[in-house]
Each structure stands twice: as structure tokens, then as C-alpha cells.
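See below for the structure under consideration.
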Amino acid sequence: MKHESIPRVVSKWFIPPILLFALYVQFHGDFGPGGGFQAGVIFAAAVVLYTLIFGLQAAKQIVKPRIIETLVALGVLLYAGTGLVSLFLGYNFLDYTALDPADPPHGQHLGIFLVELGVGITVAAVMIAIFFAFAGRRRLR
Amino acid sequence: MIDMHLPILLIVVPLVSAPLCVLLRQKTLVWAFASLVCVASLGLASMLLIRVLEEGVISYAIGGWIAPWGIEYRVDTINAYVLLLVSIIAAVLMFFALPSVVDEVSGKQHYLFYTAYLLCLTGLMGIAITGDAFNVFVFLEISSLSSYTLIAMGRDRRALTASYQYLIMGTLGATFIVIGIGLMYMMTGTLNMFDLSQRLPPMFETRTAMVAFAFLTVGMLIKLAMFPLHMWLPNAYCYAPSLVTAFLAATATKVSIYVFLRFTFTVWGAEFVFEKLNLDIFLIPLSLIGIYVTSLSAIYQTNIKRLLAYSSVAQIGYMMLGIGFVSVTGLTGGIVHLFNHALMKAALFLAAGCVVLRLGSSNLADWKGLGRRMPVTMAAFVLAGLSLIGVPLTVGFISKWYLILAALEAGWWPIALLALLSSLLAVVYVWRVVEVAYFQKADDDSKIKEAPLMMQISMWGLTGATLYFGIQTDLTVNVAQRAAGLLIGVTP
């Protein structure tokens with residue numbers, strides 16, 4: 001669809017706000033509806049739209065498959081790592097109070113923020129990876 | 001610190017290591033790392049069992065949220081025993097993994113293979129350790145999804161269909177389980193198993209309780225491959241890479257049986273399940289029919305891995321038979337067999353894997369004269385096969401002994417007789433392999449190189465264990481007896 005000017009221009013307008021909206025859903029998740037999973041899917045949707053318009057090759061140059069794979073792992077590590085930090089600080093696994101013992105609500109806030117960020121990263125990366133895998137499939141003869 | 005956080009570390013260590021494998025990428029490095037993790041898990045699981053035997057139930061509150069509200073890890077004798085079994089198998093198989101995975105899995109996917117392996121380990125241990133009903137479902141999905149991936153990595157293209165078939169059946173089972181758990185949550189407002197066991201009894205008369213129990217039970221029976229819900233199993237075991245077959249055969253169905261024990265005895269209570277609903281009336285005949293039908297199917301298989309897979313379904317029948325007796329002896333038999341069968345079936349699948357590595361085939365017809373061509377591997381196969389039959393001095397004898405004892409204790413001597421006779425079918429299918437391997441002449445009688453030392457270590461380790469635990473039953477039987485007593489007598 002690279003040569004269709006209307007989809008191209010419209011998608012160029014849309015992709016940045018979609019990415020921005022994903023970040024909003026991610027970081028505003030503790031005050032309104034939203035959170036890591038939803039944000040990750042929205043973020044991935046922007047990449048999917050780009051791929052549909054400009055093709056798989058162009059998309060893979062922007063988001064390299066190798067980096068996607070690393071991000072899948074990093075998100076999980078961020079989540080579990082947050083839990084391990086509280087473990088090392090002498091609290092139970094995932095007890096966010098450990099992150100700010102003087103002010104437990106703040107610690108909980110920070111903990112959930114980090115964990116949700118991990119979820120967001122992994123979900124976005126997995127979504128993109130699955131889409132690339134299907135888009136890259138050739139028909140067998 | 002390790003002592004206090006033992007239950008969570010057992011889960012978190014493999015869970016964190018799985019994504020690290022993706023970052024490491026390099027084949028041998030990933031293997032070494034994954035082995036280290038498996039050995040560490042084995043260490044943690046042994047420490048946990050020792051502590052549980054000394055101190056009794058251990059509870060761990062995740063995130064510091066106390067039990068009925070937060071997710072609780074609750075370890076008693078039964079899960080500590082299952083955790084130890086899973087971690088032993090995972091650790092021993094890692095020796096086998098290095099040469100076998102190089103041979104059977106394409107080079108670009110090795111790090112993904114070990115990632116899925118560790119995730120599967122995490123899932124299986126998570127199912128066993130958690131005291132939260134919904135958490136069981138979550139871990140069940142982790143272990144199932146990773147095992148679908150592992151199976152699909154088989155060399156044969158049919159591995160993809162086998163994996164897909166397992167995916168459909170597994171998802172069906174998991175859906176039933178989650179419907180059951182959902183209904184239980186609706187009735188009681190809690191997901192903690194211990195809390196459920198106290199809040200469910202007043203609801204026993206309601207139809208919702210019946211429906212919840214029915215969904216849950218059928219879901220679990222699909223997952224543990226109880227006859228006639230076992231159709232996903234033979235293909236999945238047949239086409240998966242050898243390592244995966246051995247791992248799943250020794251752990252996945254066993255953990256599902258643990259889930260069955262936990263839900264029927266701890267959560268619902270034996271009184272409701274067996275006295276009010278009389279589940280044993282279905283369980284015992286179905287187990288017996290299953291043993292006979294699947295053993296007969298095993299006899300007619302032309303592929304060794306598929307033969308062993310059918311035999312696995314038959315052996316699950318013995319475990320369910322033991323559970324169906326609802327007595328301490330019966331449960332001891334079932335729980336001991338859970339451990340013993342894991343050892344011998346893993347040993348058999350590893351022996352088959354060694355042959356596949358050298359011969360490239362698990363077809364019975366290609367195994368002609370293998371007794372002369374690969375004597376060491378075939379010796380292990382025969383020893384583990386004897387265990388499958390239940391010959392004295394092997395582990396198979398111990399579990400059958402308790403099962404028959406339980407049948408006689410209950411005064412059901414026809415069942416004891418039928419269980420004994422069914423061993424003859426095992427003799428037949430093991431003998432078929434022996435006959436082909438030792439008494440038929442191969443077209444090409446040249447000696448084949450034995451499998452690499454690493455694979456032999458795993459195979460002989462497990463084969464040795466089937467002999468060791470056949471003579472030295474202190475660990476297996478005593479712990480199983482304590483677990484059985486816990487399940488039947490003092491319901492927590």
C-alpha cells in the first residue's frame with residue numbers, strides 16, 4: 001500500500017498519537033483505566049499499522065527482530081527483578097513496601113509502576129513478534 | 001535468607017533464568033546455564049522436603065499479603081515430594097540434553113528450546129507449590145504453553161499436528177478447570193485452597209457445587225490423560241524431541257495427578273467426593289478398562305515411542321486405581337507409583353532417545369538385532385522394562401505390591417487379580433521389543449557406536465534409580481505413606 005497516498009498520509013498522522021496514547025495508558029494506569037497489558041497492545045498496534053502500510057521489510061528496519069526478542073525477555077526480567085529487589089531488601093517476594101519502607105504507599109506505587117512497565121514492554125514485544133511471524137510466512141507450494 | 005524464602009526461590013530461579021537464556025543465546029553457554037539452574041532447583045527442592053518433614057506445613061505469602069486475600073504458597077509432604085520428583089528429573093535430563101538437542105533441534109532454536117524447558121519447569125513446580133486455586137490455572141497454562149512449543153520443535157513435521165492436537169485438548173482441559181474454579185469462587189468468594197476447603201461444605205447440596213466439581217474433575221482428567229480422555233498423549237509423546245518426551249512423560253501427567261489429589265482430597269474432601277458422589281464407582285472400572293485397552297494398544301504399536309506412550313496411559317490407570325481405593329494403602333500405592341513410574345518411563349524414553357540418535361528411527365522394525373549392535377543401551381532398556389512389568393527388586397514391584405495390598409485390604413480380590421493379570425500385558429509389549437532387538441537378525445549386523453557418555457549418564461542414572469528404589473524403599477514409601485495419611489486422615 002506504499003503507493004496509495006491517502007492511507008500513507010493518514011497513517012503517518014495516526015502513528016505518533018497512537019504511540020503517545022499507549023504511553024498515556026501505561027503511565028496513567030494507576031489513576032484511570034489502563035495498565036501494562038493494554039498499553040503494550042496499543043503500542044504494538046502502531047507498529048502493525050506501519051507494517052500494513054509500508055511493508056514488512058521497512059518495519060523490520062525500524063524494529064529489528066533481534067531487539068524485539070531481547071525486549072520480550074527484558075520485560076519479564078524487569079517484573080521478576082522488582083520482586084527480587086524486595087527479596088534482597090529482606091521483605092517477601094514482590095512486597096513493594098521494601099522499595100520505600102518509610103512510606104509504604106509510595107513503595108507500593110513505585111513497585112506497581114515498575115512491574116506494569118515490565119508487562120507493557122513484554123506484551124508490546126510479543127505482539128509485534130507474533131505479527132511479524134505471521135506476516136513473514138510464505139505460502140508453501 | 002534462602003531458608004526463609006525457599007518456596008518462592010524454587011519458582012523464581014527458573015522463571016528469571018528463562019529470559020536470561022534468551023539474552024545469552026550461545027548454544028553451549030545456554031545449556032550450561034540451564035543445567036546450573038536445574039541443579040540449583042534440585043538443591044532447593046531437597047532442602048524444602050527436608051524442612052517440611054521436620055517442621056510440617058510451610059506457608060509463604062507473596063507480596064506480603066496474608067493468606068486468604070493474597071496468593072499463598074503452601075508446602076506440605078505431598079507437594080514437597082512432587083517438587084523433588086520434578087526437579088530430580090529436570091536435573092538428570094540435562095546431561096542427556098546436550099548431545100540430544102544438538103541432534104534433534106535445529107541449531108538456531110537451541111536457546112529458545114532451553115527457555116521453553118525452564119518455563120515448563122517453572123510452570124510444573126508452580127502448580128505443585130501454590131495454595132491458590134487460580135494460581136494453579138495460571139501455572140498450568142505456563143507449563144502447557146511451553147510444552148506445546150517443546151513438542152512442536154520435534155524433527156518430524158507431524159510434531160506440529162501432534163502439538164496442535166495437544167493444544168486443543170489441553171486448552172479444553174484448562175478451560176474446564178477454570179470454569180470449575182470460577183464457580184467455586186462464585187459460591188465462596190475465595191480462591192485460597194485451604195479457605196475453600198472450609199467454605200465449601202455448606203454449599204455441597206447446591207447444584208452449582210455439583211457443576212463446579214464436574215467441570216473441574218473432567219478438566220483435570222483430560223490433563224492427566226485418564227482413559228478415555230488420553231487421545232492427545234500418544235502423538236504428542238511420539239513426535240516430540242526425545243528429551244521432551246522423557247521430561248513430559250515423567251513430570252507433566254504426574255503433576256496433573258497431584259492436582260487431582262489436591263482438589264479431591266484437600267479442597268472438596270474425600271467425604272464429599274467418594275461418599276456422597278461416589279466417584280470411586282467410576283474411577284476404579286475406568287482405570288481397569290484403561291489399563292487393559294491401552295496396554296493392548298501398546299502391544300500393537302510399530303513405533304517404540306508410541307508403544308511407550310500407550311504404556312504411560314496404562315500406568316496412569318494404576319495410579320488412578322490406587323487413588324480410587326480411598327485408603328491409606330491405596331493412596332500410598334498411587335503416590336509411590338507416581339514417583340516410580342516417572343523414573344522408569346524417563347529411563348525407557350532416554351534409551352529410545354539414545355537409539356534414535358544413532359539409528360535415526362524409533363520404528364520397531366529398524367530395531368532388529370539391536371541387542372548386539374547397541375548392547376549397553378538395550379541393557380538399560382530391558383532393566384527399565386522389567387520395572388514396567390513389576391518384577392521384584394525393581395520399583396515397579398513396590399508400587400504394584402501396595403496396589404494389590406490395598407485391593408485385598410478392601411476385600412476386592414477380583415480387582416487385585418485383574419491388576420496382577422494386567423502385568424502380563426506389560427510382559428507382552430516389553431517382550432516384543434526384546435524379541436526384535438535380541439532374537440531377530442539385522443540386515444546389517446555391524447556394531448553401532450553407543451550413544452555419547454553424557455546421554456549414558458542420564459539413562460543409567462535413572463535406570464540405576466529404578467533398581468535402587470526397588471530395594472531401598474525408605475524415602476519413596478515412607479514419604480508417600482505420610483502424604484497418603486495427610487490426604488485421607490487429617491484433612492487440613
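Each value in this text was obtained by applying a stated rule to the coordinates, not by laboratory testing. Model, not experiment: these values are computed from the prediction. Because the Cβ atoms are built from the backbone with ideal geometry, glycine has one as well, and the counts that use them run over all protein chains shown.
General observations
- Hits in the range B:111-122 (condition: crowded, with 24+ Cβ neighbours inside 10 Å and either touching a strand residue (DSSP E or B) at 6+ places or on another chain (Cβ under 9 Å) or of a type in the set (Phe, Trp, Tyr) (or both)): B:Phe113, B:Tyr114, B:Tyr117
- Comparison of B:Ser327, B:Ser311, B:Ser287 shows that the only residue that is under 18 Å from B:Tyr429 (Cβ atoms) and either touching a residue at least 60 places away in the same chain (Cβ under 8 Å) or in contact with a Ser or Thr (Cβ under 6 Å, 6 or more places away or on another chain) (or both) is B:Ser311.
- Any hit, the range A:78-89, residues being under 23 Å from A:Phe131 (Cβ atoms) and either within 16 Å of the chain's Cα centre (by Cα) or of a type outside the set (S, T, N, Q) (or both): yes
- Taken over the range B:296-314, the criterion of being crowded, with 23+ Cβ neighbours inside 10 Å and among the polar types (S, T, N, Q) is satisfied by B:Ser311, B:Ser312.
- Some residue of the range B:89-102 being farther than 26 Å from B:Asn340 by Cβ, touching a Phe, Trp or Tyr at 6+ places or on another chain (Cβ under 8 Å) and surrounded by 22 or more Cβ atoms within 10 Å (Cβ to Cβ): yes
- Residue in the range B:1-12 that is farthest from B:Met125 (Cα to Cα), counting only those that are more than 7 Å from chain A (Cβ to nearest Cβ) and crowded, with 19+ Cβ neighbours inside 10 Å: B:Leu6
- When the range A:53-98 is filtered for residues that are surrounded by 15 or more Cβ atoms within 10 Å (Cβ to Cβ), more than 8 Å from every other protein chain (Cβ to nearest Cβ) and charged (D, E, K, R), only A:Lys60 remains.
- The condition of being free of Cβ contacts under 8 Å to residues at least 24 places away in the same chain and farther than 30 Å from B:Asn192 by Cα holds for only one of B:Tyr292, B:Tyr300, B:Tyr239, that being B:Tyr300.
- Considering (1) surrounded by fewer than 19 Cβ atoms within 10 Å (Cβ to Cβ); (2) touching a helix residue (DSSP H, G or I) at 6+ places or on another chain (Cβ under 8 Å); (3) part of a helix (DSSP H, G or I), the lone condition that B:Lys108 does not fulfil carries the number (2).
- Scanning the range A:99-114 for residues that are of a type in the set (A, V, I, L, M) and crowded, with 20+ Cβ neighbours inside 10 Å yields a count of 1.
- Test: A:Leu78 is part of a loop (DSSP other than H, G, I, E, B) and aliphatic (A, V, I, L, M): no
- Within the range B:46-75, the residues that satisfy the criterion of being without any contact (Cβ under 8 Å) to a residue 60 or more places away in the chain, assigned to a helix (DSSP H, G or I), more than 14 Å from chain A (Cβ to nearest Cβ) and in contact with a Ser or Thr (Cβ under 9 Å, 6 or more places away or on another chain) are B:Ser46, B:Val52.
- Yes/no for B:Gly317 being among the small types (Gly, Ala, Ser) and within 30 Å of B:Met220 (Cα to Cα): yes
- From B:Ser17, B:Ser41, B:Ser46, residue being of a type in the set (Gly, Ala, Ser) and farther than 21 Å from A:Gly83 by Cβ: B:Ser46
For every residue, the table says whether it meets (1) of a type outside the set (Ser, Thr, Tyr); (2) free of Cβ contacts under 8 Å to residues at least 12 places away in the same chain.
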site: B:Leu140; (1), (2): yes, no
site: B:Ser147; (1), (2): no, no
site: B:Gly154; (1), (2): yes, no
site: B:Arg157; (1), (2): yes, yes
site: B:Gly170; (1), (2): yes, no
site: B:Gly173; (1), (2): yes, no
site: B:Phe176; (1), (2): yes, no
site: B:Gly189; (1), (2): yes, yes
